[in-house]
Amino acid sequence: MTFHCQNYDIAANRCKRLSGECVPARKGCVLEGRMVVSEELAERIRQINEETARRSLKESADQQ
């Protein structure tokens, strides 16, 4: 499968909308909920979501 996304920065190889790795259908992606993903991709999305949550918690703790 191939697709074109207006949020994908080819030069930087990353998602401009999410300021990070381009993983189709991850939370915040324009394709979220619009396609079925493989188990492998679902696992990668889960890992990214966990990393993002940890980073957010750390940033919140640092601000206090």
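Just so you know, all these numbers are worked out from the coordinates, no wet-lab data involved. Since this is a predicted model, take the numbers as computed values, not measurements. For neighbour counting, all protein chains shown are included, and Cβ atoms are generated from backbone atoms with ideal geometry for every residue, glycine included.
To the nearest 0.05, what FRET efficiency results for ASP62 and VAL36 with a Förster distance of 35 Å applied to their C-beta separation?
That gives a FRET efficiency of 0.40.
Counting other Cβ atoms within 10 Å, keep those with at most 14, restrict to DSSP loop, and tell me which trypsin sites (Lys or Arg not before Pro) in segment 7-64 are left.
Here the trypsin sites (Lys or Arg not before Pro) that fit, given the DSSP loop and packing criteria, are LYS16, LYS27, ARG34.
Given a cut-off of 13 Å, what percent of all Cα-Cα pairs of the chain lie beyond it?
67 percent
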